[in-house]
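The values are calculated or read from the model by the stated rules, or taken from the named source; none is laboratory data. Given the structure is predicted, the values throughout are model-derived calculations rather than measurements. The area values use the complete protein model at the heavy-atom level, side chains included, leaving out ligands, DNA and RNA. Shrake-Rupley method; radii C 1.70, N 1.55, O 1.52, S 1.80 Å.
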Amino acid sequence: MWLWALIWGCIPELYSNCMDMTNSSSTFLEIIAGAKIGGIVSWWIFNRQKKTSDKQDYTLNRIEQLLNYNEKLLEKIFDLNKKIDLLLEDQ
């Protein structure tokens, strides 16, 4: 602990029996706290964007599947219509 105090000064928030915190150790502590908070916020934003992007991709893929299904269904209906027309012409 005394090596820490020699380099950064005494930090009363972290150790008992300390008088005051030096400017350099205060700055160091603020940088570490800011980096941690910034990292958490950045991760949270990235996570939310990824979830939103995954939902959008799923929705677009589902729409494409439904469009393909509707096209196939429409083709079958047209084929049935042609067959019905051919049967009616033969009579």
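For the stretch 26-91, the Stokes-Einstein estimate of translational diffusion at 25 °C and a viscosity of 0.890 mPa s comes to 144 µm²/s, using the Kirkwood hydrodynamic radius over alpha-carbon pairs.
Ignoring ligands, DNA and RNA, what percent of the accessible area of the stretch 29-91 is carbon or sulfur (1.4 Å)?
Of all accessible area on the stretch 29-91, carbon and sulfur atoms account for 62 percent.
Close amide H pairs (under 5 Å, H built 1.01 Å from N) link L14 with no residue at least 5 positions away or on another chain.
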